[in-house]
Amino acid sequence: MRRLACVLWVFPALLAAQETVAPTVDEKVGSARGANKGDFNIVQSWELGYRFNSVGGDAGKYQSDVNYRNGVRLLSGSLNVNSKDGKGKWFDEFVLSTQGLGNDPYESATIRLQKNRWYRYDLLWRQNDYRNPGLTTGQQLQNTTHRWQDHDLTLFPQSHFRVRAGYSRVKQTGPALTTEQLFDTRSNVVSIFRNVARQFDDYRVGGDVDFKGFRLTVQKRWEFYKEDTKDGPGSGIAFARSEPYRGQTGGWMGNLFGERRLLVVNARYTYASTVGDFVQNESAIGLDRFGAAANRQVMVSGRGNRPVTSGDFSLTLLPHSRVTIINHTSASSSRMVGNNYFQQFDNSTFSFSTLAFNSLTLRLVTNATDVRFRVSKKLDFTGGFRYSDRYIQSIENSTSPGTPWFGVTAEQTNRTKAGVVGVNWLATKNLRIHAESEFGNNDNPFTPVSLRDYHSVRARAQYRTKKFTLGAAYGDNYNANSVAITAYSSRARNYSGEGSWAVRSWVSVDGAWSKLHTDTAGGINFFAGAPRATLVSGLDSIYVSNLHAANVGVRLAVKKYADLYLGYNITRDTGDGRSSLAAQPTAGAQVFYNVQTFPLTFQTPLVRLSVRVTDKLRWNAGWQYYGYQEQFGVLGMNQGYRANTGYTSLLWAF
């Protein structure tokens with residue numbers, strides 16, 4: 001999980017540059033003006049093709065990462081219908097865009113329908129096939145489908161008063177395998193079949209009004225969530241669990257934005273109150289770790305309420321043409337309250353235990369002030385101060401239902417103070433430089449991995465001419481923390497560079513490279529050993545990563561009749577430099593030593609050819625290779641696969 005978070009945090013630009021071989025992009029056919037039909041102009045393009053693939057190695061890991069399969073697809077499609085004079089009878093604009101329809105793992109469609117001055121309707125539909133193979137032992141698995149749909153309607157979109165309404169739904173369904181530890185936390189883990197069924201519905205209505213340079217937005221929302229996931233029999237054990245949940249949230253949102261000659265005001269307020277009713281009924285029959293018969297039943301029920309209130313106020317002052325002052329204040333309060341009980345009944349011994357929850361309160365107040373001083377058109381400096389105050393309180397009931405109320409209260413307050421400095425410099429006509437740094441302190445961090453004594457540095461330079469662009473960036477984030485439980489430290493350093501070059505009118509090259517070094521260290525206690533697990537302490541949880549990513553692409557246009565694209569992308573984590581795992585003194589230490597670093601390589605070259613057949617027709621073909629290999633992994637089980645994917649298609653614009 002830490003490895004994935006680092007990749008997503010550091011390499012957004014590189015991931016965005018890493019193309020998939022299909023659908024075909026940047027290769028246009030037909031007249032840019034489209035075709036006229038009555039009072040409308042029509043521009044459309046459709047790419048219909050066939051995908052193919054062959055996979056070797058860990059097919060489950062391939063399905064989790066890529067998951068392109070064989071079959072006919074509508075790889076992409078677009079349709080634009082526009083009124084030529086803006087006075088269509090029923091609509092003035094209709095836009096349809098699709099991608100991957102026909103069983104691609106990532107499918108989407110968007111529609112926009114608009115009649116000037118009267119209405120605008122937007123639809124977004126997406127479907128993702130999500131597969132997670134879990135651990136390679138086969139005890140965990142998820143193979144679900146996510147579907148999203150968003151509908152938004154705006155009445156009088158060009159007027160000073162607009163009415164808005166919308167509806168959204170998110171649904172997840174499919175089979176899965178999960179694990180349970182029965183009948184105590186030191187016994188064997190068993191696999192349980194799970195039928196995932198979750199649904200979220202959101203209804204909203206509101207409006208905007210413009211007056212004297214200000215815009216006021218008000219919205220009312222109703223949200224409904226239901227969980228009907230069920231767990232079935234397990235391996236070697238009779239197990240069943242039903243945990244239906246029904247939750248609903250009602251809320252308000254208001255936003256006020258306005259501009260004057262010397263100031264800009266932006267204020268926002270939100271309130272939401274969630275009410276949830278839940279019941280869990282779980283029963284298990286089997287043998288404990290000593291071979292004795294065990295029979296357990298767990299009942300969890302309750303009704304909870306979670307009111308959340310937040311407000312933001314931002315004021316921008318422009319006292320002088322060279323000075324800008326921005327002050328932002330935010331306050332939020334979140335509470336979870338309710339008399340909720342966890343009850344576990346042992347049918348063998350006729351004993352039961354109860355845990356009860358009363359409330360959890362979180363309050364946060366933050367303030368940030370930034371000042372920008374423009375020395376000249378080419379140089380400006382920024383400075384700022386950040387302050388936050390967080391309060392946390394938890395109340396638990398220490399008695400069983402029906403007895404007099406006695407609460408156990410715990411609370412904590414922490415404050416963070418930080419400073420920010422920065423500079424923007426247009427060194428020459430073509431060279432721009434930006435640098436900034438933040439340094440702060442938290443007097444009482446809530447968890448070992450929270451920020452305490454931290455600082456960060458970010459710098460970027462870009463050189464741009466008519467034919468080529470070069471850029472480079474550096475970032476450094478450091479945090480050291482020590483709480484009563486353990487000490488913790490982390491550091492992340494990022495280096496990156498990118499460039500593009502238009503060599504000729506018919507050839508261009510672009511590429512990027514980045515390196516992220518991450519290391520974290522903290523204390524850890526755990527149970528391990530056989531035949532009876534014992535507490536292991538005095539060891540460190542260490543994670544080290546050196547993640548490199550690079551991509552390069554070359555585009556060639558051959559006399560306007562054909563276009564060729566060559567690309568190569570590689571991501572490689574060299575870990576901490578070790579080439580193999582070393583034996584550790586205990587079995588427990590060996591398990592955690594195996595997950596201190598994850599050296600791996602992921603690479604994907606691709607080739608795409610697009611040939612112009614007629615003014616309205618193109619033939620396209622492409623090939624892309626995916627190679628993933630772990631050098632060593634958890635429990636000595638390394639995931640890896642090799643996949644050849646490709647497509648051929650016809651792109652028709654008319």
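The values are calculated or read from the model by the stated rules, or taken from the named source; none is laboratory data. All values derive from a computational prediction rather than experimental measurement. In this analysis, Cβ positions are derived from the backbone assuming ideal geometry, glycine residues included, and neighbour counts consider all displayed protein chains.
Odds and ends about this structure:
- If you go through the stretch 77-123 and keep only what is buried (at least 17 other Cβ atoms within 10 Å of the Cβ) and β-branched (Val, Ile, Thr), you end up with VAL81, THR98.
- Of the residues examined, SER400 is one that is modelled with pLDDT under 90, more than 20 Å from SER314 (Cα to Cα), in contact with a strand residue (DSSP E or B) (Cβ under 8 Å, 6 or more places away or on another chain) and not in a strand (DSSP E or B).
- Filter pass, ASN546 being at pLDDT 80 or above and of a type outside the set (Lys, Arg): yes
- So LEU8, is it within 30 Å of ALA550 (Cα to Cα) and modelled with pLDDT under 90: yes
- Qualifying residue in the stretch 600-610 (condition: closer than 19 Å to ASN546 by Cα, touching a Ser or Thr at 6+ places or on another chain (Cβ under 8 Å) and not in a strand (DSSP E or B)): no
- Restricting attention to the stretch 533-571 and to residues that are among the β-branched types (Val, Ile, Thr) and under 29 Å from the mean Cα position of the chain (by Cα), the residue that is surrounded by the most Cβ atoms within 10 Å (Cβ to Cβ) turns out to be THR571.
- Test for SER314: is it buried (at least 16 other Cβ atoms within 10 Å of the Cβ), of a type in the set (Ser, Thr, Tyr), modelled with pLDDT of 75 or more and within 22 Å of ARG363 (Cβ to Cβ): yes
- Pairing residues of the stretch 112-135 that are free of Cβ contacts under 8 Å to residues at least 24 places away in the same chain with residues that are assigned to a strand (DSSP E or B) and of a type in the set (D, E, K, R), at Cβ distances under 6 Å and at least 6 apart in sequence or on separate chains, gives ARG112/ASP122; GLN127/GLU107; GLN127/ARG147.
- Within the stretch 154-188, restricting attention to residues that are at pLDDT below 95 and aliphatic (A, V, I, L, M), the residue that is nearest to the chain's Cα centre (by Cα) is ALA176.
- Note on the stretch 419-526: enclosed strands (runs of 3 or more DSSP E) holding 3 or more residues that are under 30 Å from LEU566 (Cα atoms), modelled with pLDDT under 95 and not acidic (Asp, Glu) are 487-504.
- Test result for ARG612, of a type in the set (Lys, Arg), touching a Gly at 6+ places or on another chain (Cβ under 8 Å) and surrounded by 18 or more Cβ atoms within 10 Å (Cβ to Cβ): no
- Here ASP202 meets the list (1) farther than 27 Å from GLY166 by Cα; (2) surrounded by 15 or more Cβ atoms within 10 Å (Cβ to Cβ); (3) not aliphatic (A, V, I, L, M) almost entirely, failing just condition (1).
- Qualifying residues in the stretch 124-153 (those that are surrounded by 16 or more Cβ atoms within 10 Å (Cβ to Cβ) and among the basic types (Lys, Arg)) - the one modelled with the lowest pLDDT: ARG131
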